[in-house]
Amino acid sequence: MPEIGIGIIGGGYMGKAHSVAMSAVGAVFNTALRPRLEMICASTPESAERYRAAYGFRRATSDWSMLVNDPAVDAVVIASPQTTHRQIAEAALALGKPVLCEKPLGSSLDDGRAMVAAAEATGVTNMVGFNYVRTPATQFARQLIANGELGDITWFRGEHTEDFYADPGAPATWRTSGMANGTIGDLAPHMINGALALIGPIVEVMAEVETVHSERPGGTVTNDDHAQIMCRFAGGAMGNIYVSRIATGRKMGYAYEITGTKGAIRFDQEDQNALWLYRREGPEEERGFTKILTGPAHPDYEPFCQGPGHGTGYQDQIIIEAKDFLEAIHTGKSIWPTFRDGHEVNCVLAAALKSSEQRQWQDVSTV
C-alpha cells in the first residue's frame, strides 16, 4: 500500500490528537494511503524533539517552513495558532501539498478568503478540522434529515457550552485575551459548523455577545464569555444558538434539537453514542422519543467496534477525520468541510459580532 508522509505543525492538544489519529487510521479503516509520521514542528527545538519522541515521528523541527518544504512531507496538518494558518497553508498549497487545517480558518475574514482562493486556484485537497460532526450519531442525524425523515425542518436549537471559566476566581490566561480565544472564536465555530451541516446555510443573524467576568486574577479579560445568536436558515427554518465557557456544570455541551413536520431529533455530545428520535406516526398514545444507541449500522462505527452500544470517543472523531482527509487525497475529490466551508463559518461569526455591536439583525452576505 502506498505511504504518504505526514507533517504536523503544532504538538500540543490538537497536534497530539492528529498524531495519534494518523498513527491509527490505516489500521482502523484500512485506508488506501498509509500515513508515515515524517516530521513534527513545535515552537522550540526542545519541544519539537519531545513531541517527536512521544508521538513516533521520524524527525522534528522548530521551523514550519522547513517542514512544508521537505520533499518527504507529502501532506500538512496545521494545528498551530490561527495567526499562523494563512502563511503555512499558502506555502503548502503552492507546493501542491494537501492541507488539513484546524478550525477556525485563519485569524480574520481576509485570511479565510486568501486561503480559499489559494486552495481553489491550485486545486489541491483541503479540509478544515471540525470533528464533532463526524460522530456516528451526528452523521446518522444528517442522513435522516437529508432523506426527509423529519419532513420540512422548522426549528433548530444548538449549543456549545462548557464551564472551564465558570469560576470568577479563575485566573486570566491566554484564553482571556483576544477575540480569537474567546467563546465566539473558540467554541462557536463548532456549533455554527454543526448547524450548517445539519440544516444548511444561515442567511441572517441577531446576536448578543457578552463578557460576564471582565476582571480576573492577574488581568483584564478582553474577549467574550458567552453569546446567543438567533438565526434564519436559507431553507426558512428558525434557529437559536448559545455558546458559553461559563456554563456551570457543562463539560462538553455540544448539543442540538431539530424539529421537523414529521419528526424531531435530540443529541448531546456528553452522551455522544446516543441519538433521540421522534417520529410523528402510529397511535398517539405510543409516540415518544426513542433512544437509538449507535452501532455497526451507523456511519463510521463498525471499523472501531462490532458491538452495538459499545461506543466511540473523542479521539475516534479525529481518526474519522483523518480517514476522510486521506480519502480526499487518494480520490482527488474534496470531502466536506473544505476551506470554503470553513470560511462560511467565519462569515456567520463575523455577522454575529457585527449584529451584537449594532444591536440589529445582520445579513450574513454583507460581511
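A compact table of results
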{"quantity": "Karplus-derived 3J(HN,Hα), 6.51/-1.76/1.60, for each residue of segment 25-39, Hz, glycine and proline x", "calculated": "4, x, 6, 5, 10, 6, 5, 5, 9, 10, x, 10, 6, 8, 8"}
{"quantity": "Length-normalised contact order of the chain in % [C-alpha pairs under 8 Å, at least 6 apart]", "calculated": "19"}
{"quantity": "By average C-beta atoms within 10 angstrom, highest first, the peptides 66-79, 262-275", "calculated": "66-79, 262-275"}
{"quantity": "FRET E, pair residue 290, residue 365, Förster distance 51 Å, beta-carbon r, rounded to 0.05", "calculated": "0.85"}
{"quantity": "Positive-end residue, the chain charge dipole about Cα centroid, Cβ charges, pick of 201, 295, 187", "calculated": "295"}
{"quantity": "Cβ-placed point charges (K, R +1; D, E -1), dipole of segment 3-131 about Cα centre in debye, nearest 20", "calculated": "320"}
{"quantity": "Rounded to 5, percent antiparallel among DSSP beta bridges of the chain", "calculated": "60"}
{"quantity": "Relative contact order (%) - segment 3-131, alpha-carbon pairs under 8 angstrom, separation at least six", "calculated": "22"}
{"quantity": "Sparsely packed chymotrypsin sites (Phe, Trp or Tyr not before Pro) within segment 223-256, loop by DSSP, other Cβ within 10 Å at most 12", "calculated": "none"}
{"quantity": "Dipole-positive endmost among 253, 80, 349 within the chain (Cβ charges, Cα centre)", "calculated": "80"}
{"quantity": "Among 156-163, 285-292, the order from most to least packed when residues are scored by Cβ within 10 Å on average", "calculated": "156-163, 285-292"}
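Any read-out appearing in this document is the output of simple, stated calculations on the displayed coordinates, not a laboratory observation. Quick caveat, the model's predicted, so the values are computed rather than measured. Cβ sites come from the backbone with ideal geometry, for glycine too, and all protein chains shown count toward neighbours.
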